[in-house]
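The values are calculated or read from the model by the stated rules, or taken from the named source; none is laboratory data. Note that the structure is a prediction, hence the values are computed from the model and not measured. Because the Cβ atoms are built from the backbone with ideal geometry, glycine has one as well, and the counts that use them run over all protein chains shown.
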Amino acid sequence: MEDNTPFSIKYWAEDDKPREKLMLKGKSVLSDAELIAILIGSGSRSESAVDLSKRILASVENLNALGKLSLQQLTTFKGIGEAKAITIIAAMELGRRRGSEETVELTKITSSRVVFNIMQPIIGELPHEEFWVLYLNNSNKVIYKSQLSKGGITGTVVDVRIIFKAAFEHNATALILVHNHPSGVLQASDADKQITQKLKEAGKNLDISVLDHIIITEKSYYSFRDNSIF
């Protein structure tokens with residue numbers, strides 16, 4: 001049943017609603033109670049989701065203690081049923097697992113050979129062409145890689161808009177284009193050169209550098225930059 005009381009988050013100012021606040025200002029500005037309120041979704045007729053979350057946190061003192069509560073213990077709080085308790089437990093467990101994982105060192109691109117080492121196991125032996133993009137931060141470390149398209153034996157389609165949309169989404173400052181030649185021929189076609197130039201020009205206007213375009217086969221690779229095509 002929809003909560004239509006004045007306590008309901010739906011009546012709050014837009015900036016005070018946890019979901020909207022996260023979208024507008026980012027996750028870091030939300031309090032612990034607001035983040036938990038997003039998890040549980042709703043409060044009760046007498047208490048908003050945020051106030052309920054504050055009450056739970058006040059009773060356990062911190063997130064570490066909250067993460068140790070059992071399903072039965074969580075459901076003792078008025079307004080927390082099994083579904084909400086399970087959601088909280090799942091979120092706490094994900095946080096625990098994330099904290100226990102070792103931080104993965106990002107690969108820094110120092111040469112075209114590094115790109116080949118990354119991408120050859122992925123596309124080097126495929127029977128069809130695939131076009132991938134490596135997105136880099138301002139230290140030239142790979143923060144994201146994405147398959148842009150998958151084609152037949154003779155080619156693939158490249159969408160410029162999708163490439164730069166992903167660059168903005170991942171805060172990339174540079175990118176490297178990569179595709180494979182199932183034929184084993186290490187030679188840039190006219191189409192390869194044209195799309196590379198098109199992306200370079202688009203990148204200049206958006207302050208995102210296109211550093212290289214690399215063609216990969218099973219055994220070797222061809223770098224536009226190394227061959228002075230850039």
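Just to be sure before I move on: is residue 96 at pLDDT 95 or above, basic (Lys, Arg) and either part of a helix (DSSP H, G or I) or farther than 30 Å from residue 63 by Cα (or both) in the structure I sent? Here the answer is no, as residue 96 does not meet what is asked. Checking the stated criteria, residue 229 turns out to be at pLDDT below 90, aliphatic (A, V, I, L, M) and outside the structural domain of residue 123 (by TED's automatic domain parsing). Just so you know, in segment 57-69 the residues that are under 31 Å from the mean Cα position of the chain (by Cα) and of a type outside the set (Lys, Arg) include one that is farthest from residue 32 (Cα to Cα), and it is 69. For segment 187-218, filtering for residues that are touching a residue at least 12 places away in the same chain (Cβ under 8 Å) and surrounded by fewer than 15 Cβ atoms within 10 Å (Cβ to Cβ) leaves 7. Considering the conditions (1) at pLDDT below 90; (2) within 23 Å of residue 27 (Cβ to Cβ), residue 57 is excluded by exactly one of them, (1).
Please go through segment 169-186 and pick out each residue that is in contact (Cβ under 8 Å) with a residue 40 or more places away in the chain and not aliphatic (A, V, I, L, M). Scanning segment 169-186 gives 179, 180, 181, 182. Filtered by the rule that a residue be assigned to a helix (DSSP H, G or I) and either surrounded by 12 or more Cβ atoms within 10 Å (Cβ to Cβ) or over 33 Å from the mean Cα position of the chain (by Cα) (or both), segment 72-90 gives 72, 73, 74, 84, 85, 86, 87, 88, 89. Only residues that are more than 22 Å from residue 20 (Cβ to Cβ) and part of a loop (DSSP other than H, G, I, E, B) were counted across segment 46-61, and they come to 2. Residues of segment 24-41 that are surrounded by 17 or more Cβ atoms within 10 Å (Cβ to Cβ) and not in a helix (DSSP H, G or I): 30 alone. If you filter segment 156-185 down to residues that are surrounded by 15 or more Cβ atoms within 10 Å (Cβ to Cβ) and under 15 Å from residue 125 (Cα atoms), you find that the one that is nearest to the chain's Cα centre (by Cα) is 178.
Just so you know, in segment 99-113 the residues that are surrounded by fewer than 16 Cβ atoms within 10 Å (Cβ to Cβ) and either within 22 Å of residue 227 (Cα to Cα) or acidic (Asp, Glu) (or both) include one that is modelled with the lowest pLDDT, and it is 102.
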